[in-house]
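Inspection log for the structure reproduced underneath, given as structure tokens.
What follows is calculated from the coordinates using simple rules that are stated; it is not laboratory data. Source: prediction; values computed, not measured. Cβ placement follows ideal geometry from the backbone for every residue including glycine, while neighbour counts extend to all protein chains displayed.
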Amino acid sequence: MKRKILIVDDEPINLDFFDVMLSRLGFQVEMAEDGEEALDLVQEEKPDLIILDNIMPKMTGWEFTRLLKKSKAYEQFADIPIIMFSAMDAVKDKIEGFELGIEDYITKPFNFSEVLARIRAVLRNRELSKKVANRERRLNVIEGMVKSYTFFAQHLKDPMEKLLQEAKNLDISSPDAVENLKKHVIEESEKVLSALNSLEEEVEQLKGRQPDTNDESDMDELEEKFQKHFQSWNQTS
């Protein structure tokens, strides 16, 4: 799948240049001439990277970055990396940009080969970060499952031991005692079988499902299902 790059610059010649060069290299290019238009495109296109000029009409690159990285209205897009171009080379300006959340900073005039290298480096870092985050989420789900199964085993042991003790002390000459034990066995067996069937279905689903590394909701959904299941078991035991 093509990586999508949003170019934001008020100079059409720069937009055309990046459109031609990056398209030839296999990227999908979206373009905006100011920050307001760029914010709309971010929501519509969800780019993998934003290349942003700092000095623009209506909204500077810093103002755009501050909105994207800090505003609650755009929090779902805050992880999109930004490379900012600027004619300013002051260290304090660069520091301010980095503190706002810019991933890289290139001073004009620029060399396209350097820009391309930085684009690829930023995209690699973003992909690596996604993989690490996804791995952590998988480990969290597994840890949650282990805790849940441990909880299940512990709560299964207690009613089974009670049933065993009740059976050992059963007065078989008493029809009422036999009937009570029968009811107790049926009730507990139905609970256990229901829990085991649910567990089996969830395990099979987990085995046959490979969560998409770009869709973290898969992991959230799995973890939520396991937690709800064992909360339900706790209430009925």
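Worth pointing out:
- Net lengthening on full extension, Lys183/Asn169 (0.36 nm per residue, minus Cα-Cα): 3.5 nm
- Annotation: extensible slack from Leu116 through Asp176 equals 13.3 nm (criterion: 0.36 nm per residue apart, minus Cα-Cα distance).
- Förster radius 45 Å - calculated FRET efficiency between Asp158 and Lys131, Cβ distance, rounded to 0.05: 0.60
- Rough spin-label spacing in nm, given labels placed 7 Å along Cα→Cβ, for Gln43 and Ser23: 2.7
- Mean Cβ count within 10 Å, highest first, over the residues of peptides 23-29, 181-187, 42-48: 42-48, 23-29, 181-187
- Pairs of Cα atoms in the range 1-109 fall into 5 Å distance bins, from 0 up to the last occupied one, in shares of 2, 13, 25, 27, 19, 11, 3, 0 percent.
- Cross-link pairs beyond the 25 Å C-alpha cut-off, checked among Lys2/Lys131; Lys46/Lys72; Lys2/Lys72: Lys2/Lys72
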